[in-house]
Amino acid sequence: MTDWQNLTEENAIEAAVAEHGKNPTASVAYCALDAYDGRDNEEYRFWFGLFLKLAKREHVGWA
């Protein structure tokens with residue numbers, strides 16, 4: 001995604017949803033996959049970190 005460095009987390013989630021669909025967690029995961037080019041890089045870490053935050057927020061209990 002272009003200009004990802006200038007996005008706040010909230011704006012990044014909105015941009016991901018606009019590009020990949022309604023589910024914020026899945027959309028951010030797709031952005032991480034798009035950014036991964038076979039090696040660890042800043043953009044991938046940004047999107048993956050945001051994905052982990054969203055996934056943790058959605059997780060309730062151990063079920």
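The values are calculated or read from the model by the stated rules, or taken from the named source; none is laboratory data. Values in this document were obtained by computation on a predicted structure and should not be read as measured data. Ideal geometry is used to build each Cβ from the backbone, glycine not excepted, and the neighbour counts take in all protein chains shown. Areas reflect the complete protein model, heavy atoms only, side chains present, ligands, DNA and RNA absent. Shrake-Rupley method; radii C 1.70, N 1.55, O 1.52, S 1.80 Å.
Computed values, structure above
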quantity	calculated
The stretch 15-30 - phi-based ³J(HN,Hα) in whole Hz, Karplus 6.51/-1.76/1.60, Gly and Pro as x	5, 5, 5, 4, 8, 10, x, 7, 7, x, 5, 5, 4, 5, 4, 4
Per residue accessible area of the chain, 1.4 Å probe, in Å²	73
Most fluctuating residue given options GLY38, GLY49, GLY21, as computed from a GNM of the chain linking Cα atoms under 10 Å	GLY38
Helix 42-58 vs. the chain, principal-axis angle (Cα, 0 to 90°, nearest 10)	10
Carbon + sulfur, % of accessible area of the chain - ligands and nucleic acids excluded, 1.4 Å	54
For the chain, size of Cβ-based charge dipole, Lys and Arg +1, Asp and Glu -1, in debye	340
Given (1) 4, 20, 31, 24, 12, 6, 3, 0; (2) 4, 17, 23, 17, 13, 10, 8, 5, 2, 1, 0; (3) 3, 15, 18, 21, 18, 14, 8, 2, the label whose value is P(r) over Cα pairs in 5 Å bins from 0, in percent derived from this model	(1)
